[in-house]
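What follows is a short report on a single structure.
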Amino acid sequence: MIVKDTGKLGTNGFPNCSPAGGFAIEVILTFVFVIAILGVTSRESNASVAGLVIGGALVLVHLLGISFTGTSVNPARSFGPALIAGDLKNIRVFLLVPMAGGIFAAYVYKFLDGKKQ
């Protein structure tokens, strides 16, 4: 696959996929990243490897998604470059979709963890 330019100054877009495909990619990648963070930080015994797991998850998520959407997984990471570049065309997608993926991951983690609050 030839990687096309994903935008100027790190802005997000859909250079190698449709908007619907980009939506799905961003939800899935954000879900994976947030579930990894929640899983490793939920127990104090994981403190010694938390940084490695979170960093590894972030690298993996970006390697998988950067050629498709520029990989947002963080609304602040998308908003800054879009604002500076003056390219706010797709900003709503890259602000809302990572939030949806994160919320979905939180609900799934809460279900899988099974702790009663």
Mean Cα-pair separation over length for the chain, i.e. relative contact order, pairs under 8 Å, 6 or more apart, %: 38
Computed helical MRE - 222 nm, the chain, DSSP H runs ≥ 4 contributing -39500 (n - 2.57), nearest 500: -21000 deg cm²/dmol
In order through the range 44-52: 3J(HN,Hα) via Karplus (6.51 cos²θ - 1.76 cosθ + 1.60), integer Hz, x for Gly, Pro: 5, 5, 8, 4, 6, 10, 4, x, 5
Cα-based helix-to-principal-axis angle, 91-113 vs the chain, degrees rounded to 10: 20
Cut-off 16 Å (backbone N to label point 7 Å along Cα→Cβ of Asp87), residues of the range 59-77: 66-73, 77
Separation of the Leu64 and Glu44 label points, Cα + 7 Å toward Cβ, nm: 3.2
Among 94-103, 25-34, 53-62, the order from most to least packed when residues are scored by Cβ within 10 Å on average: 25-34, 94-103, 53-62
With Cα atoms, 0 to 90° folded angle of helix 19-41 axis to the chain main axis: 30
Over the chain, volume per residue of the alpha carbon convex hull, in Å³: 112
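No lab work stands behind these numbers, since they all come straight from the coordinates. Because the structure is predicted, anything quoted here is derived from the model rather than measured. Positions of Cβ are backbone-derived with ideal geometry, glycine not excepted, and every protein chain shown enters the neighbour counts.
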